[in-house]
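The values are calculated or read from the model by the stated rules, or taken from the named source; none is laboratory data. Everything numeric here is computed off the predicted structure, so don't read it as measured data. In this analysis, Cβ positions are derived from the backbone assuming ideal geometry, glycine residues included, and neighbour counts consider all displayed protein chains. Note: areas computed on protein heavy atoms with side chains; ligands, DNA, RNA excluded. Shrake-Rupley method; radii C 1.70, N 1.55, O 1.52, S 1.80 Å.
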Amino acid sequence: MTEPGEPKIDFNNTEIAFSSKSDRQLKHTYRLFKLMNSPRLVQLGTALGKLASKIPFGLADPIIEATVFYQFCGGTSLLDCQKTIDQLTKYKTLTILDYGVEAKFSDEDFEKTLNANLKAVEFAYSNPQVPVISTKLTGLISFDVLQKLNAGEALDTQEEIQHKRLRERFIKLCEKAYEFGVSIFVDAEESWIQDPVDELVDECMSRFNRSKPIVYNTFQMYRHDRLEFLKKSFQKAKEGNYILGAKIVRGAYMEKERKRAETINYSSPIQPSKAETDQDFNKAIEFVLQYPDLISMVNSSHNWESNELQVDIMSRNNIPIDHPHVNFCQLLGMSDNLTFNLAAKGYQVAKYVPYGPVKEVLPYLIRRAQENSSIAGDMSRELKLLTQEMKRRGLIS
């Protein structure tokens, strides 16, 4: 618990943020982010990465692994992630395992994703520092079927079978997670397929979240309707006598959402501006922290102010910093200044650790590189902090 008068967490403390990196590792990360700070180089790297992924037998994998892969991913397999898990544990940080393979189309692929998730649950059970795995329901069913369900359209016989199998697969995953005491974060999807995802996640929360939060839904606050949906979800959980699992994020599909709304000519579900998104995100954090025993929440954000807000609310409301329902998380390879400074103070914080074959996680890696590219020629947030630490260690002047 933060003592009265104790200063806020210093997220500018780069000594703590990068204490896990040797000088050699820090130099490598610094060079990588310097390269990613150039939009032109990121654009070129993206094109080369896509080309490399088409080279057979994974001959180009070592090149990708030597550059961006191990900055943002734990490894190519679960066992490969153990080194990352152990390193995070050393710095009091938990791990969220995220099978990074994106949406597939065949029943064979859906079964493969399910089996990968089931193995992840078993692996997490054997690692006390891995309390959660993450999954996407688009890895278990066709996007098109979800879209028809969302629109209220009738499914044909084959699609009905797919829908039935989705429910069976996800319930099987939840049953395994419940049996092993491992939680599941269900990623949010595009607004035009989100409703059937919400329905299935709610059903499984009501079944498995009776005494412990096993299933978590993800609430994207860049949608103007999600704060109200979060409150309705809580009311539903309260009436159903189960714990609401709520991962709060800003969102991941903004440009795609706006473009589709414009093309098809319907009202965009996206907030008018970033200011409104930030406002709703912070209101969501304030709301869930009113009920720490009834809502298990995760502040999944790289925003300094939103993380500071949660620290302040916890202090004001005397919420223990190690309360099992009050959590923070960031992506591996990003915002180490948030993660490790929170961890150093004893807060419950985790890193999302994606893993999978290099070729399969490439879309994820491309998004991370694009996020860190420069805007209007300014140094990225990450590069500024890395530069600060390089200077502190006397590695650059």
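Points worth noting:
- Estimated FRET transfer efficiency when R0 is 22 angstrom, pair residue 228-residue 147 (beta carbons, to 0.05): 0.40
- Cα gyration tensor category, rounded, prolate or oblate, for region 97-238 with a/c compared to 1.5: oblate
- Protein heavy-atom accessible surface, 1.4 Å probe, per residue over region 253-359: 41 Å².
- Ordering 58-64, 325-331 by mean Cβ neighbour count within 10 Å, with the highest value first, yields 325-331, 58-64.
- Dipole of region 59-112 computed with +1 at Lys/Arg Cβ and -1 at Asp/Glu Cβ about the Cα centre; of 76, 95, 59, farthest Cα towards the positive end is 95.
- Long-range HN-HN contacts of residue 331 with modeled amide H, under 5 Å: 352
- Under 17 Å of direct C-alpha separation, and excluding same-chain neighbours fewer than eight residues apart, residue 8 reaches these lysines: 345.
- With every protein chain in place, the chain: carbon and sulfur % of accessible area (1.4 Å): 52
- Modelled label positions at residue 167 and residue 276, each set 7 Å beyond Cα in the direction of Cβ, lie 3.6 nm from each other.
- Student exercise, region 308-372 dipole from Lys, Arg, Asp, Glu Cβ charges, in Debye to nearest 20: 140
- Calculated P(r) of the chain - Cα pairs past 31 Å, %: 37
- Per-residue [θ]222 nm for the chain (sum of -39500 (n - 2.57) over DSSP H runs n ≥ 4, rounded to 500): -16500 deg cm²/dmol
- Length released on extending from residue 112 to residue 82, taking residue separation times 0.36 nm less the Cα-Cα span: 8.7 nm
- Counting only residues at least eight positions apart within a chain, or on another chain, the aspartates and glutamates with an alpha carbon under 14 Å from that of residue 27 are 382, 389.
- Derived scalar couplings between HN and Hα for region 219-226 equal 10, 8, 7, 7, 8, 6, 9, 7 Hz in order, rounded to whole Hz, by the Karplus curve 6.51 cos²θ - 1.76 cosθ + 1.60 (θ = phi - 60°), x for Gly and Pro.
- Here the label points at residue 291 and residue 315, each 7 Å from Cα along the C-beta direction, are separated by 2.7 nm in the simple model.
- By the rule of a C-alpha distance below 28 Å, with chain neighbours fewer than 8 residues away ignored, the lysines paired with residue 54 are 34, 104, 112, 119, 136, 256, 359.
- Solvent exposure of region 74-149, expressed per residue, is 44 Å² of accessible area, with all protein chains present and a 1.4 angstrom probe.
- A dipole drawn for region 247-397 from +1 and -1 charges on Cβ atoms has a positive end, and of 327, 289, 357 the residue lying farthest that way is 357.
- Over the chain, relative contact order from alpha-carbon pairs under 8 Å, at least 6 apart, %: 26
- Over region 105-157: Kirkwood hydrodynamic radius from C-alpha pairwise inverse distances, Å: 12.8
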